[in-house]
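Every read-out reported here was derived from the displayed coordinates using simple, explicitly stated rules and does not represent laboratory data. On a predicted model such as this, the values are computed, not experimentally measured, just so you know. Cβ atoms come from the backbone with ideal geometry, glycine included; neighbour counts cover every protein chain shown.
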Amino acid sequence: MPDKKYEIAHRETLFQGYFRIDRFRLRHERFQGDWSDFFTREVFQQSGRFAAVLPYDPKSDKVMLIEQFRAGVLAGGEYPWITEAVAGLIDGGETPEQAARREAREEAGCAIFELQKIADYFSSPGCTAEHITLFAGRTVAPPDGAIHGVPHEHENIRVRALDAAQAISLLYAGKIRDGLTLIALQWFAMHHTDLRSRWMVSDVGTPII
């Protein structure tokens, strides 16, 4: 159980748009046993929690990544189309598993037949409340280069159906610029052989919606 205490003296919303920025005035217990002074922190607040999935077809030994425009990368001064895993907001009433399956259909045209949880984590706990539940998902590979996305969300997403070795080589070559995709591919590189052997013997069956 947590043994450290904290106190929030004030919380205010500084900006509310597509995302939200909150300012906290707070203090907390220190490791020395006393309390810190009150201080302020601005936190980038997401609308909720996120689910992400790395779709994998064990029979063709292909990994599905997606390519799309990202405004944050543009703001960071780099080429704004990046290759990443499927990810999206968990809607109200959804479980992370349901959100991962929905996002895989919307962004990559993939039906997910089985999920393997990789991790639950905060992406950047010093400045954002963004929390991600990350999975690998058994699928049947869609055509490479297929275009997907939700039009009213201004998504224009291209599927990259890559041989597993090719996907892993992107990781080792430093070509992946997205944190959750780094985590997903590092996990996949370590578990590829075991995952393929387990999922190869699974019946494809009907995807869980």
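Things to note:
- Here the residues Phe19, Phe31, Phe50, ranked from fewest to most Cβ neighbours within 10 Å of their Cβ, fall in the order Phe31, Phe19, Phe50.
- Placing a pseudo-label 7 Å from each Cα along the Cα-to-Cβ vector at Ser197 and Gln98 gives an inter-label distance of 3.6 nm.
- Of Arg101, Arg11, Arg177, the one that fluctuates the most in a GNM where the chain has Cα springs shorter than 10 Å: Arg11
- Projected area averaged over orientations for the stretch 6-45, convex hull of C-alpha atoms, nm²: 2.9
- Within the listed set Leu26, Leu65, Leu162, the residue fluctuating most in the Gaussian network model of the chain (springs between alpha-carbon atoms under 10 angstrom) is Leu26.
- Zone of Ala71's modelled label, taken as backbone nitrogen in the stretch 10-34 under 12 Å from a point 7 Å along Cα→Cβ: 17-20
- By the count of other C-beta atoms within 10 Å, a proxy for reagent exposure, His10, His148, His191 are ordered fewest to most as His10, His191, His148.
- Inter-label distance for Val43 and Gln186, nm, one decimal - labels placed 7 Å from Cα along Cα-to-Cβ: 2.5
- Per-residue Cβ neighbour counts within 10 Å put Cys110, Cys127 in the sequence Cys127, Cys110, beginning with the fewest.
- Per-selection Kirkwood Rh - the chain (Cα, Å, 1 d.p.): 18.8
- Counting Lys and Arg as +1 and Asp and Glu as -1 over every other residue whose Cβ lies under 15 Å from the Cβ of Ile82, the net charge comes to -1.
- Mean Cα-pair separation over length for the chain, i.e. relative contact order, pairs under 8 Å, 6 or more apart, %: 21
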